[in-house]
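Below is one structure, written out as structure tokens; comments come after it.
The values are calculated or read from the model by the stated rules, or taken from the named source; none is laboratory data. Bear in mind that the values here come from a model prediction, so they are computed numbers and not experimental data. Cβ placement follows ideal geometry from the backbone for every residue including glycine, while neighbour counts extend to all protein chains displayed.
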Amino acid sequence: MDKRLRIVQIMTSTGSVMGEVERHTFDLCSALAKKHEVHLLADKSYAATCPKNIIFHAIDFRQSQWNPWLYWQIAQLINHLQPQLIHAQSARATYLVSKMKWFFQHVIFVATVHCYPNNKAYLLMDGVITINTSLAVDVSIEKKQVIYRCSKWPATLTPHEKKDMRQTLLAGAERPLIIAVGRLVPDSGFDVLLRACVDVDATLLIVGSGAERKRLAKLTIALGLQERVLWLGQRHDLGQLLQAVDLCVISSISDEFPSIMTDALQVGCPVISTDKGGVSDWLSDALLCPANNVEALHTLLCDTLRRLPLLRKNYLPIFLRAQQELTLATMTQRTQDFYSALLDQRR
């Protein structure tokens, strides 16, 4: 795509939460802005964290979707900016812009499906992007494309740096290091993971924060795991941690495409997971177990730790594929190609 476009992205999250959708939106917008004029309509709470190369427009998305003032604000901005393309980054954003599509028939409307699409507004879009193949099956629209969510690759640690990080985390102990990352909320399944770690000879690192922190800490003590579970809170060196550990475990009950899987595969860290969403696009059945099942996750953990050296060799094709497909550059290029195809069909 050689032509410079004016693109409006819409993110309706509130409260400055930085989850999967918010991180993806910022990464994609910033990458697109290297070539195009990108405007982001988002809640004012995200103004401080928005990348500087994106033109930010604050809208109070705490307003009800039944509030006509919210629609008027969005429509006024679209009319003023006159973009060639509008991209909605959530079910709610898609619903809102679907009500205005008929007023801006010269504009291409795109939506990304980040979770199960129970919203008929997706059917009114000119094109739909899904973050995994199972979601694509559930979207009954002809012009759709699977584009995996990706992020920037971290700096590579030297062997000496990895060793130092492991020694710091393990405090001299000789155990496998397991990492789990996510918000401390029920859907992350950390209570199931903690129970599954009983009698597993490994140290578990939990990265993240959330409302369940105190309850999970009490559960850790009740299970006798306080010496083998480290609560690291929010970290800015996740890419480095993933290079220092032996295994990444995803215990999610509902996540459609966990960004931690992408982050881990990018740096060559083996992953096992509950069988939810798009993880099966990348992981074989032998690396998966049913969600919300303590016994199944415990068995998968024990079996995986026993065969870690062999597992790393078997993972090489997955790591090589990740190096080609799970990059910010690939995600951005595929998004631009999808935009281009939709614009060409309109002409």
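Points worth noting:
- Residue match in the range 75-98 (condition: assigned to a loop (DSSP other than H, G, I, E, B), under 25 Å from the mean Cα position of the chain (by Cα), more than 22 Å from Q336 (Cα to Cα) and free of Cβ contacts under 8 Å to residues at least 40 places away in the same chain): no
- One residue from S90, S134 being closer than 19 Å to T12 by Cα and modelled with pLDDT under 95: S90
- Some residue of the range 102-122 being part of a helix (DSSP H, G or I) and either buried (at least 17 other Cβ atoms within 10 Å of the Cβ) or not assigned by TED's automatic domain parsing to the domain that holds T25 (or both): yes
- Selection within the range 15-37 - surrounded by fewer than 16 Cβ atoms within 10 Å (Cβ to Cβ), in contact (Cβ under 8 Å) with a residue 24 or more places away in the chain and farther than 16 Å from Y339 by Cβ: G15, S16, M18, G19, R23
- Checked against the criterion of being assigned to a helix (DSSP H, G or I), under 19 Å from L297 (Cα atoms) and without any contact (Cβ under 8 Å) to a residue 40 or more places away in the chain, the candidates L184, L219, L225 yield just one match: L219.
- Flag for D199 being farther than 17 Å from P258 by Cα, out of contact with any strand residue (DSSP E or B) (no Cβ under 7 Å at 6 or more places or on another chain), in the same structural domain as I253 (by TED's automatic domain parsing) and assigned to a helix (DSSP H, G or I): no
Results for (1) modelled with pLDDT of 95 or more; (2) within 28 Å of H114 (Cα to Cα); (3) touching a helix residue (DSSP H, G or I) at 6+ places or on another chain (Cβ under 7 Å), shown as yes or no for each residue.
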{"residue": "V198", "(1), (2), (3)": "yes, no, no"}
{"residue": "L205", "(1), (2), (3)": "yes, yes, yes"}
{"residue": "D237", "(1), (2), (3)": "no, yes, no"}
{"residue": "L283", "(1), (2), (3)": "no, yes, no"}
{"residue": "A296", "(1), (2), (3)": "yes, yes, no"}
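- From the options Q76, Q65, residue that is more than 21 Å from I147 (Cβ to Cβ), surrounded by fewer than 20 Cβ atoms within 10 Å (Cβ to Cβ) and modelled with pLDDT of 95 or more: Q76
- Where helices (runs of 4 or more DSSP H) fall wholly inside the range 252-343, the ranges with 2 or more residues that are under 16 Å from L177 (Cα atoms) and either free of Cβ contacts under 8 Å to residues at least 40 places away in the same chain or among the acidic types (D, E) (or both) are 294-306.
- Candidates A211, A173: the one that is farther than 25 Å from H24 by Cβ and surrounded by fewer than 18 Cβ atoms within 10 Å (Cβ to Cβ) is A173.
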